[in-house]
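Data first, discussion second: the structure below is written as structure tokens.
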Amino acid sequence: MTRVTADVGISLDGYASGPNQSFEKPFGDGGLLDHLRKWMFDEDEAPKHAAERAKITSATAYVMGRNMFSPGRGEWDLEWKGWWGDDPPYHGPVFVLTNHAREPLTMEGGTTFHFVTDGPESALAQAKAAAGDGHVSIAGGATTLRQYLKAGAVDELRLHVVPFVLGQGENIFTGLGGAEFEAVEVSGTSVVTHVTYRRSSHLTLT
């Protein structure tokens, strides 16, 4: 069976982004991005977290929400090709949940964005079919991840927790009362704690 993972950087109180997301502020208000950058890009910190960074793009197929792909809403701006430039880091098929149809978008490095209009179950099924012998990653954002967590579809949840209380925004745990995971790996430094959780075998969500 194809394994489904998810990586998400969050504040200490569980927020993956602040309010008022926009093109200029993809992580919204509140300064969460500054704290996430420390472990991902700081020249002193980033080498310490190379293994965790590599895991984020280790899947062979991905699912993401439209808000993760684009700051826009409504009909597509076809000039928009994602936040990542001509060579996105995924290097495989990415299935983007949306209410607005769009032709597949092929980028450099092997990434192709497929735009799925018939819901999260279809997107995950397509990603699993495309993954082959690899695994599928739920690439975000918070709303999309919550959908799959609530459905019990995520086998391994990898949280990258920064020691910063955001207080408002998009919380990945909203509506997930009763979900049960077990921690199987913990590592980190003073700027981030990496915790890997696996879904409990007796997990039941309604």
PHE115, PHE23, PHE69 arranged by Cβ crowding within 10 Å, fewest neighbours leading: PHE23, PHE115, PHE69
Under the rule of -39500 (n - 2.57) per DSSP H run of 4 or more residues, summed and divided by the residues of the chain, what mean residue ellipticity at 222 nm is obtained, to the nearest 500 deg cm²/dmol? -5500 deg cm²/dmol
Per the charge dipole of the chain (beta-carbon charges, Lys/Arg positive, Asp/Glu negative, Cα centre), the residue among GLY167, PRO71, PHE41 reaching farthest to the positive end is GLY167
Roughly what % of Cα-Cα distances in the chain sit above 20 Å, to the whole percent? 57 percent
Ordered by residue, what ³J(HN,Hα) values in Hz, to whole numbers, does segment 13-22 give under the Karplus form 6.51 cos²θ - 1.76 cosθ + 1.60, where θ = phi - 60° and Gly and Pro are x? 9, x, 8, 8, 7, x, x, 6, 5, 7
For GLY188, distant residues with modelled amide H under 5 Å away: HIS194
Run the numbers for ASP42 and THR57: contour at 0.36 nm per residue of separation, minus the present Cα-Cα distance, in nm. 3.5 nm
Would you be so kind as to identify which of THR112, THR144, ALA125 lies farthest towards the positive end of the dipole of the chain, taking Lys and Arg as +1 and Asp and Glu as -1 on Cβ and the Cα centre as origin? ALA125
I'd like the GluC sites (Glu not before Pro) in segment 13-67 restricted to DSSP loop residues with at most 11 other Cβ atoms within 10 Å, sorted by number. GLU24, GLU43
Under a plain spin-label model, where a point goes 7 Å from the Cα along Cα-to-Cβ, how far apart in nm are THR117 and ALA50? 4.5 nm
Along Cα→Cβ, 7 Å out, is where each label goes; now give me the distance between the ones at ASP133 and ALA101 in nm to one decimal. 3.7 nm
By how many nm would the segment from SER200 to GLU182 grow when fully extended, if each residue of separation counts as 0.36 nm and the alpha-carbon distance is taken off? 5.9 nm
Multiplying the sequence separation of LEU12 and THR189 by 0.36 nm and subtracting their Cα-Cα distance, what value in nm do you get? 62.3 nm
Over all alpha-carbon pairs of segment 86-161, lay out the pair-distance distribution in 10 Å bins, whole %, shortest bin first. 17, 51, 30, 2
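Since every read-out is calculated from the coordinates, none of them should be taken as a lab result. The structure presented is a predicted model; accordingly, all values stated were derived computationally and were not measured. Glycine also receives a Cβ, built like all others from the backbone with ideal geometry; neighbour counts cover every protein chain displayed.
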